[in-house]
1. Only Cα pairs within less than 10 Å get springs; with that Gaussian network setup on chain B, which residue of B:31, B:132, B:168 has the largest fluctuation?
2. Report the relative contact order of segment A:36-189, percent, no decimals, based on alpha-carbon pairs under 8 angstrom and at least 6 residues apart.
3. Tell me, A:236, B:208, B:177, A:45 in order of fewest to most beta-carbon neighbours within 10 Å?
4. For segment A:214-272 and segment B:107-157, what is the separation of their Cα centres, given in Å?
5. Choose one answer from B:135, B:79, B:214: the residue with the largest mean-square fluctuation in a GNM of chain B with alpha-carbon springs under 10 Å.
6. At a 10 Å Cβ-Cβ cut-off, how would you order B:60, A:294, fewest neighbours first?
7. Tell me what the protein assembly as shown gives for mean residue ellipticity at 222 nm when only DSSP H runs of n ≥ 4 count, each as -39,500 (n - 2.57), the sum divided by the residue total, rounded to 500 deg cm²/dmol.
8. How crowded by other chains is A:192-204, given as the mean number of beta carbons from other chains within 10 Å of each beta carbon?
């Protein structure tokens, strides 16, 4: 290699600086039309949740008995009215607050606990055996049943419900992280790290973690849907959010008695849950591609 | 030349265990058994043998990436196997490894600069100095430091192997264990990497243990060659001599598996021999020559005890009863 090319290489360096991970996630997600739609949907739900008092046409619990069971399209109540005469659109907007809170918080908390647990388990085989066998015990209970059991033990309330959801989520996420970490552990770069005297905790945190976390992020995005539904189920059983609070799960379950006369009462919030779950799944797929240095450059180049 | 590493009666057996709490052994797999060899300062020692002959295990034990079961390794006069954490940390500065698959040996989510800088950061070098040193080693292996912000997968196999070599050299080691460093590369790239390694070896006064299953490369690249089979050392000597006049029946057969471009009719014979070596009956239990079940010139004594490694003329040693010791 000649000196000239080295020189130009040096001079080029400031202009072509290494981009941060966030830049690639940003470009990767925004460059993908499907992911753009997913982000748009999630953003709309978020904004609706934050600005609910300003957006919602009616207060969520104000009932007008004369308007009971009106179908969607009624002037002033574009998504219809429920069995007590409350405006469904307003309840949907207010309900987004609780639904997003109950869907996302347990997933984030679960990941925060699962990622270290799974990686620690993969690195220390004895600890791994103990951790994974205890996870198997939790696995033996169906997700909904375990959540019901815990929520019932701790008593009703939104905080207890979220704790119950975190506990039920941990085994699933830990297993995903553990499997990914076991794969990474046997890669040559980990052995190379050992050969250059990298301490064990540093190998876990700075070498393996960036490779493992992507699979947990993707998994977490797909599990948001299941959590929203489980949270709805707990609320339905009276263990989570208490009526008359507007929450999509409660709204769906309250509509079940009128499913033949006024299907929109259950269908509208049900549809909202479906759209939210789908948006998170699509976002998860896109995040996986843009988090991986091996695929993200292709993503950006292809779309230039 | 002085010996850098002296290995005496080194053995390692991999035990396969079942169950996580109540572990019981289900099989034993002797990877390296009773090997004694010296590695001299400044030489390139080649190590050839089929797959599963314990070549990589031997090198990893010198780096303490795998702990030996018994025997001793003396590194520059110190007993390597008794090193505590602090001494081991210093040993990591002196002895480094280059892997077979260059892409796999670099962290895919770290840039080239981060990958190469990691060993320096481990030894507490300051950030500005690290940058300078990374540029320096990248130039040393013939790469453009301006490209160091890229990720490993953006480089070709040969370039990745250069990066891996650069990373191994950042700590200024004196010994490199090259674990089949060119077998994952194109033939045209192999020559480039070997030339680079040879240049670096001369320039920096390095000592190499070069593991390969490519006999032609070992012959050209290495000063001395050791031949291993099923964890046992069968023959050592100057590379040229081992190739011109292989002594052990295994070495003779193993060399026969090399394909000759010109003589087409030999290909079939070579393939047949290679098949014989791979599918040889499992080694007989108890002490015996590892090649006894396949050897054309076996004697009844071969099945009774493992022939000792005997030193012949010209620093040649062979573990075979066909050659009585002259000394």
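1. B:132
2. Numbers: 173 pairs, mean separation 32.2, N = 154.
RCO, segment A:36-189: 21 percent.
3. Values: A:236 18, B:208 24, B:177 27, A:45 21.
Listing A:236, B:208, B:177, A:45 from fewest to most nearby Cβ atoms yields A:236, A:45, B:208, B:177.
4. Centre-to-centre (Cα) distance: 51 Å.
5. The residue with the greatest mean-square fluctuation here is B:79.
6. Values: B:60 21, A:294 14.
Taking fewest neighbouring Cβ atoms as first place, the list is A:294, B:60.
7. Working: 23 runs with 323 residues, N = 631.
Estimated from H runs of four or more residues: -16500 deg cm²/dmol.
8. Numbers: counts 15, 6, 5, 15, 15, 12, 5, 3, 0, 0, 3, 0, 0.
Rounded to a whole number, the mean comes out at 6.
Taken together, the values in this text are just the output of simple stated rules run on the coordinates, not laboratory data. Here the structure is a predicted model, which is why all the values come from computation and not from measurement. All Cβ positions, glycine included, derive from the backbone under ideal geometry; neighbour counts span all protein chains shown.
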